[in-house]
Each structure stands twice: as C-alpha cells, then as structure tokens.
1. When B:Pro68 is evaluated against the numbered criteria (1) out of contact with any His (no Cβ under 6 Å at 6 or more places or on another chain); (2) touching a residue at least 12 places away in the same chain (Cβ under 8 Å); (3) within 18 Å of A:Asn35 (Cβ to Cβ); (4) buried (at least 20 other Cβ atoms within 10 Å of the Cβ), which criterion, by number, is the only one it fails?
2. So, of the residues in segment B:71-93 that are touching a helix residue (DSSP H, G or I) at 6+ places or on another chain (Cβ under 8 Å) and part of a strand (DSSP E or B), which turns out to be nearest to the other protein chains (Cβ to nearest Cβ)?
3. Against the condition surrounded by 16 or more Cβ atoms within 10 Å (Cβ to Cβ) and within 14 Å of chain A (Cβ to nearest Cβ), how does B:Lys21 come out, does it pass?
4. Go through segment B:121-151 and give me each residue that's out of contact with any helix residue (DSSP H, G or I) (no Cβ under 8 Å at 6 or more places or on another chain) and of a type in the set (Gly, Ala, Ser).
5. Being out of contact with any His (no Cβ under 7 Å at 6 or more places or on another chain), within 14 Å of chain B (Cβ to nearest Cβ) and either surrounded by 22 or more Cβ atoms within 10 Å (Cβ to Cβ) or within 16 Å of B:Val39 (Cα to Cα) (or both) is the filter here; which residues of segment A:30-65 pass it?
6. Please work out which residue is farthest from the other protein chains (Cβ to nearest Cβ), limiting yourself to segment A:162-176 and to residues that are surrounded by 15 or more Cβ atoms within 10 Å (Cβ to Cβ) and under 18 Å from B:Glu210 (Cβ atoms).
7. Any residue in segment B:83-96 that is crowded, with 22+ Cβ neighbours inside 10 Å, touching a Ser or Thr at 6+ places or on another chain (Cβ under 9 Å) and either modelled with pLDDT under 95 or over 23 Å from A:Val39 (Cβ atoms) (or both)?
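The values are calculated or read from the model by the stated rules, or taken from the named source; none is laboratory data. Everything numeric here is computed off the predicted structure, so don't read it as measured data. Virtual Cβ from ideal backbone geometry, glycine too; neighbours counted across all protein chains shown.
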2 protein chains.
Amino acid sequence: MPSTPRWVEAINKALSNPSNKGKNIYQVATVDARNAPHVRSQVHRAFTHPDGRPDLPLLLTSTDARTPKVLQLLANPAVELAWWMEGTQDQFRLSGFAHIVPASPAEPDTSFRFAPIPADALALRTLEAQAFDWEAKRLELFQQMSPGMRASWCVPGAPGSAIGSYEEQKEWPSQVPQEPQTEEDKKNAEMASKNFALMLIEPVSVDWVELGVKPNRRTIFTRREDGGWTEQLAIP
Amino acid sequence: MPSTPRWVEAINKALSNPSNKGKNIYQVATVDARNAPHVRSQVHRAFTHPDGRPDLPLLLTSTDARTPKVLQLLANPAVELAWWMEGTQDQFRLSGFAHIVPASPAEPDTSFRFAPIPADALALRTLEAQAFDWEAKRLELFQQMSPGMRASWCVPGAPGSAIGSYEEQKEWPSQVPQEPQTEEDKKNAEMASKNFALMLIEPVSVDWVELGVKPNRRTIFTRREDGGWTEQLAIP
C-alpha cells in the first residue's frame, strides 16, 4: 500500500507549529534559455497526489501565465525550491519538475501550449493517465483566491514589464470579487481567470536540514523508480 | 561622484524595520553542470564595495568550501537571490555574479582554484585592480563567526554527504572558540578556517516588489556599463 512520504509529514508538522505562522512561502528556482538561474517567492497552496498514490505528492502553487518563468519552464521543467521555516529553523529543499497549467482555450487554438510532461515525472504522468481534470483544479484554486489577489491577474501586461508612472495603476482594478456584481466585475474576473495558471511541482528529492536541534540533523529523501522513497542521513 | 544605488538603501531600510527582525536570510539560486537549478538559504553578512566606488555594491555571505554550490559556481558564476522581507512585504531579487574565495593555500598548490572573474563583473574586477586582500577579508569574516557556527565547518566531509547514523555526530566538535585554549581547539579552528569560504555576490540587476503598499509597486534597477544604475517602474 503506497503511503505518504515522511518529508510531507515533516513539512506539515513544521507548518502547523505556531512559530512558523505565515511561512507558507517558498523560493522557487528555474533556469532560463541562457542557463542563468532565477528565483522568486511563491505561495504554497496545498499538497495533492494522484488517486491512490499518496507516495507521489505534488505541491500546488500558482502564477500569472504571462511571467517569464512560464517560458523558462516550457524550455526546462527542472525546479528546486527552498522552504525556510524560521520559527523551527527547518530548511526543506525540494528538487524535481514543475508543470504549468494555463487556462484552457475556449476554442481550439494551435498556439495553446500545454507543456509535455517529462518521462521521469511519475506523479504528473500518473495524473495524466488518470485523466486528471487540470482545468477544474485550476478553477478550483482560482475560486479560493481573495478579491485583492484576483485583481493582481488583471494587470494590463506581463508582471515585470515597464510602465511610465504609478498614475497608470490608478486605472487597474484593486478588487475582483468572487461573486461579480457588475459587468465590469465580470469582465475583470474573466481576465483574471484567463491569466491565472496553476503550477504543480513534483519533487523527486528532498533535503531536510534541522537547525533547531543540536546537533543539527540532515536527511535526504530520494524517490525510487517505483515511487517509494529512500532516506539517507547526511552531514548537516 | 559615484553614489550608493537606491536599492541598497531600500534593503537597509527594510532590514532595519523591527517587523523584519531576523530577515538577514536570502535564498541563492545557482545552476549545475546539467542545467538544473539549485537554491538554498544563506545568511547576509554585510555589504561592501571597492574603494571610492559605492555604486558597485557587493553582498558578503559565506559557505563551506566543500559544498556542491562551489563547484557549480566555478562552472557557471551566474546567481540570483530572492530576499523576502515578510514584515514589510518587500521582495528583492538580485541577479549577477558570485565569486567564491576559499582559504589561500599555505604553500604554492597547483590544485588551488580561485575562479576567474567574469569580464562583466565590474565590481569584482575593480576589487582585483585595487589589489583587494581577499584572504584578509575572508579571515575577518571568519573571526566574527560564533563558536557554534565555526564548529559547522569542522564536519568531517562535504555537507550533504552520507553518514551511517547520528552516533557519528557525537565525535564532532560542537563549539570552536574564537580564542582557542587547548590543542584540540586550535586544530579545530584551523580546520574550520580552511573550510570557510567567502562568497561575494555582485548584482547587476535588482527587482524590488513592494507588496506592503497599495497599489503594489515594482522597480527594476539595471546597472549601466559605467557603473551607474537606471530605474524603471514595472507592473508588479
């Protein structure tokens, strides 16, 4: 019977420690086409896994589909994230694959790019084999977002692109309610949803350093081909 | 007259905000030989700059010379770091070059690798042209480290390498005093110093997102060839 790997329990235990309140943010690293690294903070939304396969956990986060990391991940799906839990002094480093799920096109669209899933990405491939409804998951997560967060996907261009002055921002919506009342709310909600992409991260190795215990501890979890996980103690 | 770029002042201002206490930790991303990203938490020690060139700031941090990132940086000196200041909700992303300064060999040693400085790394090249004493800076930083931190560079192998059980750790020193008293302290201090490497990070672009102000703000600083910095407002 497949079971949840111990590192998921360790993360959830650390997250639920009151000293780590608000530590649902990690830094995700990607590589661009010129082999330069990039890293930015993202919000951890949830763990998920394919039906019947708790041994194949994935992390759910999200992004604006227009950000540079989306193109970076299309070319190179390798990611590593560092999750520093300051309260308990735990660092989790998770390496694996990221998969971006943009909005499904309303009509067939040859420019629509749903990145192929790497051969070694067992969790993503299992989801695909189970006919996982990516679009439903994307909309479910979008529906949970606050009106302020939803407004952030209504900006008129890719995050990071130049603007002339802060005056321009005054025209942008600051709130996009979950239940739109006006025509404008509806238009904004559609735009936000169109730009909102789901990002799934499939770890294949996890490096857990415990700096809150003396002597410090370090455990490296590596996924086997069958989906099970090996644990190796390591020099901190 | 060259001046300190505004992003350094913004970081120092955020760091000095009481709500950001303990936020001297950032996540540094590198790329390995197979073009996979890596990212880990590191402690910000200080800013520095070449004599008379406050417009060319560098960040000082440190590492064990035996960690994988040292080899990664020899092959590819590109780094990006993400610095999330939770209290004020500021994110600083700094991209540029990293340069590792390991202990100078006691005797001429052909295997000693002091990585070449990239042509575009103006701050590092200026330090070199000014005959900067890298070893003195390394030792100065080492001298500031606590006895517990110093002990962390006395581990018997590269951080991350396998050990059989936690029993092995009982043999490792837990404290290496700044002023060694015993022969063993002296031996440990020598070993720790030998493994302690200075890491200089030279940013060439800085992306500052202010999520603590409404509407959110984003400013991208880019270094010009003369060492001055341009500022561009951007979509958050």
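1. The one condition B:Pro68 does not meet is (4).
2. In the first step, residues of segment B:71-93 are kept if they are touching a helix residue (DSSP H, G or I) at 6+ places or on another chain (Cβ under 8 Å); the result is B:79, B:83, B:85-88, B:90, B:92.
Those left that are additionally part of a strand (DSSP E or B): B:79, B:83, B:85, B:90, B:92.
Numbers: B:Val79: 6, B:Trp83: 9, B:Met85: 10, B:Asp90: 10, B:Phe92: 10 Å.
Ranking the candidates gives B:Val79 first.
3. Here the answer is no, as B:Lys21 does not meet what is asked.
4. B:Ala121, B:Ala123, B:Ala129, B:Ala131, B:Ala136, B:Ser146, B:Gly148
5. Passing the criteria: A:Val31, A:Asn35, A:Ala36, A:Pro37, A:His38, A:Val39, A:Arg40, A:Ser41, A:Gln42, A:Thr63.
6. First, pick out the residues of segment A:162-176 that are surrounded by 15 or more Cβ atoms within 10 Å (Cβ to Cβ): A:163, A:169, A:172-173, A:176.
Still in the list and also under 18 Å from B:Glu210 (Cβ atoms): A:163, A:169, A:172.
Numbers: A:Ile163: 5, A:Gln169: 5, A:Trp172: 7 Å.
The selected residue is A:Trp172.
7. There is no residue in segment B:83-96 that is crowded, with 22+ Cβ neighbours inside 10 Å, touching a Ser or Thr at 6+ places or on another chain (Cβ under 9 Å) and either modelled with pLDDT under 95 or over 23 Å from A:Val39 (Cβ atoms) (or both).
Conditions tested, residue by residue: (1) in contact (Cβ under 8 Å) with a residue 60 or more places away in the chain; (2) touching a His at 6+ places or on another chain (Cβ under 9 Å); (3) over 19 Å from A:Leu60 (Cα atoms).
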site	(1), (2), (3)
A:Glu171	no, no, yes
A:Asp185	no, no, yes
A:Asn188	no, no, yes
A:Ala192	no, no, no
A:Ala197	yes, no, no
A:Leu200	yes, yes, no
A:Trp208	yes, no, yes
